[in-house]
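Presented below is the structure to which this report refers.
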Amino acid sequence: MNSCQPIGVFDSGLGGLTVLAALRARLPGEDFIYFADTHFLPYGDRPESFIQARGQAIAAALVERGAKAIVVACNTATAAAAELIRAAIPKPVVALEPAVKPAAGLTRTGVVGVLATTRTLASGRFQRLVQTYAESVQVISQACPGLAEAIETEGPDSPRVQALLDEYLQPLARAGADVVVLGCTHYPWVRAGISARLPEGVILVDTGEAVARQVERRLQGESRLGGHGQLQLATSGNPLQVRETVARLWGSFLPVERWQI
Ligand code: DGL
């Protein structure tokens, strides 16, 4: 088997670029294909069966294009489809979920806030995560409908994003959460805006680095690390628009292909 195959990464849109950044920082020699399912953004308010079908189709398409491993860079897709993807794909599949476990270990007030999509918070997987790792703390789950989409389509500094952050952060600030989990990969793009609405010292946790470490472990274990540091971007949406959004969020203009999946 060829080690120099790319690692396939996907999200409903460009939230997963926050995970890709951590992956590239940890594994600069690897090649990556990032697929943004922009045409179907947001996943967060869609039926589970829809997300399952998309997750499976995208993972299969990435493998078809040579991916040696799949990273599900989307909490919502993980909650709905990670197990199905694992069952269908004979490659390492690394998925992510809200960092409830580390947050429960970090809190001093005993109150942990979780920001995520409606679909993630409603999933059995999330319920089990809380039962297993956060029984002894109070978990305030705040669904954020519209936020991921607004970050991407209107920009992190847009009035719409600011209004949604005002609305969604207030309950966490009121409850005295001292650790807040960024349970959607889009939310690190508005980290500063989230911090500004919480008391000083509140810790924000996301999963990018943990996922990167896990990918490294898995590929090292199979002696499959290797590549040329290349990055390929693809989308189900409008590639020119995606290119603009990538430039705004990521800071550089990169070519984007359109894939029909
Ligand atoms: N970025 C995704 C996540 O981590 C979901 C955003 C959406 O499509 O609703 O959950």
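Laid out as a table, the results:
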item: Selection count, region 64-80, where residues are of a type outside the set (Val, Ile, Thr) and within 16 Å of the ligand (Cβ to nearest atom); result: 6
item: Which listed residue, of Ala61, Ala36, is more than 16 Å from the ligand (Cβ to nearest atom) and touching a Phe, Trp or Tyr at 6+ places or on another chain (Cβ under 9 Å); result: Ala61
item: Glu83 being at pLDDT 95 or above, away from the ligand (no atom under 15 Å from the Cβ) and among the acidic types (Asp, Glu); result: yes
item: Cβ-Cβ under 7 Å pairs, at least 6 apart or on other chains, region 116-135 side among the hydrophobic types (A, V, I, L, M, F, W, C), far side at pLDDT below 95 and within 16 Å of the ligand (Cβ to nearest atom); result: Leu129/Glu97
item: Selected residue (only one of Ala116, Ala122 is touching a Pro at 6+ places or on another chain (Cβ under 8 Å), within 30 Å of Ile7 (Cα to Cα) and of a type in the set (Gly, Ala, Ser)); result: Ala116
item: Identity of the residue in region 118-159, charged (D, E, K, R) and away from the ligand (no atom under 11 Å from the Cβ), that ends up farthest from Asp37 (Cα to Cα); result: Glu135
item: Listing of helices (runs of 4 or more DSSP H) fully contained in region 59-152 that carry 2 or more residues being more than 22 Å from Gln170 (Cβ to Cβ) and not β-branched (Val, Ile, Thr); result: 75-88, 100-106, 124-133
item: Residue satisfying condition, being more than 15 Å from the ligand (Cβ to nearest atom), modelled with pLDDT of 95 or more, under 25 Å from Ala143 (Cα atoms) and polar (S, T, N, Q), within set Ser12, Ser49; result: Ser49
item: Subset of region 97-106 [buried (at least 20 other Cβ atoms within 10 Å of the Cβ) and modelled with pLDDT of 95 or more]; result: Pro98, Ala99, Val100, Ala103, Ala104
item: Hits in region 153-204 - residues which are closer than 26 Å to Ala79 by Cβ, part of a loop (DSSP other than H, G, I, E, B) and under 19 Å from the mean Cα position of the chain (by Cα); result: Pro156, Gly183, Cys184, Thr185, His186
item: Top-ranked residue in region 200-240 [being free of Cβ contacts under 8 Å to residues at least 60 places away in the same chain and in contact with an Asp or Glu (Cβ under 8 Å, 6 or more places away or on another chain); ranked as farthest from Leu20 (Cα to Cα)]; result: Gly201
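The values are calculated or read from the model by the stated rules, or taken from the named source; none is laboratory data. Bear in mind the structure is a predicted one, so any value in this text is a computation, not a measurement. Note that we place each Cβ from the backbone using ideal geometry, even for glycine, and neighbour counts take in every protein chain shown.
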